[in-house]
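Taking it in order: structure first as structure tokens, then the write-up.
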Amino acid sequence: MIVSCPKCQKQYRLNESQFAGRTHLQVHCTNCDARFIVVTAGPAAEENAPRPTVDRTIASRSGGVLPEGKVVSLVVTRGPMMGKVFPLAKPRIVLGRAGTDVVLEDPQVSRQHCALEVHGANAFLIDLGSRNGTFVNNERVTTCELEHLSEFSVGANTLMLSITQKS
């Protein structure tokens with residue numbers, strides 16, 4: 001199968017064997033240094049099922065888990081909601097304007113704007129097809145790996161990922 005980097009569009013050829021029975025695979029783009037997730041229906045998929053694509057939602061079936069002994073939070077560092085802290089109670093949260101895990105009251109934010117998925121020591125920010133985009137380092141992203149103290153912008157707010165020891 002052939003997949004394209006969502007940031008620079010460089011194409012990569014992947015073999016089913018690279019998935020090793022998993023439903024997803026993290027790909028590192030050697031051209032722009034982006035990281036993105038490719039999801040497949042797996043070996044039990046029907047022959048005429050859609051071909052694998054870059055998945056912007058990285059569904060919860062991919063096995064997200066919060067790191068043991070740590071507190072993972074989103075802290076609003078700039079914007080109208082500055083100072084708000086959102087501790088994560090589950091490994092996948094959705095940020096948006098309404099009906100989401102983290103509600104950002106901002107007309108520039110889509111109803112379901114982006115998701116944050118934590119897989120142990122790794123965290124992934126996924127834009128959910130928002131109209132105004134999700135930004136890391138002033139660049140619009142579709143999927144991006146975040147580290148402790150990484151910042152990203154959603155609408156008029158800048159949020160920071162914080163991973164600290166439990167007290």
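Below, the figures for the structure above:
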{"quantity": "Fraction of the pair-distance distribution of the range 111-151 above 16 Å, Cα-Cα pairs, percent", "calculated": "32"}
{"quantity": "In the range 1-36, the trypsin sites (Lys or Arg not before Pro) that fall in loop regions by DSSP, at most 16 other Cβ within 10 Å", "calculated": "10, 22"}
{"quantity": "Integer Hz, Karplus 6.51/-1.76/1.60 couplings in order for the range 75-83, x for Gly and Pro", "calculated": "10, 7, 9, 8, x, x, 9, 3, x"}
{"quantity": "Full-extension gain in nm, residue 1 to residue 85, via 0.36 nm per residue minus C-alpha separation", "calculated": "26.1 nm"}
{"quantity": "Calculated FRET value between residue 148 and residue 108, using beta carbons and R₀ = 25 Å, to 0.05", "calculated": "0.40"}
{"quantity": "Efficiency of FRET from Cβ geometry, residue 165 and residue 140, R₀ 22 Å, rounded to 0.05", "calculated": "0.10"}
{"quantity": "Residue 143 long-range amide H proximity, modeled H, under 5 Å", "calculated": "127"}
{"quantity": "Protection proxy ranking, peptides 156-164, 112-120, average beta carbon neighbours within 10 Å, highest first", "calculated": "112-120, 156-164"}
{"quantity": "Heavy-atom accessible surface of the range 72-167: percent carbon and sulfur, 1.4 Å", "calculated": "47"}
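The values are calculated or read from the model by the stated rules, or taken from the named source; none is laboratory data. Just so it is clear, the model here is predicted, and its values are computed rather than measured. With ideal geometry, Cβ positions are generated from the backbone for all residues, glycine too; neighbour counts draw on all protein chains shown. With ligands, DNA and RNA removed, areas are computed over all heavy atoms of the protein, side chains included. Shrake-Rupley method; radii C 1.70, N 1.55, O 1.52, S 1.80 Å.
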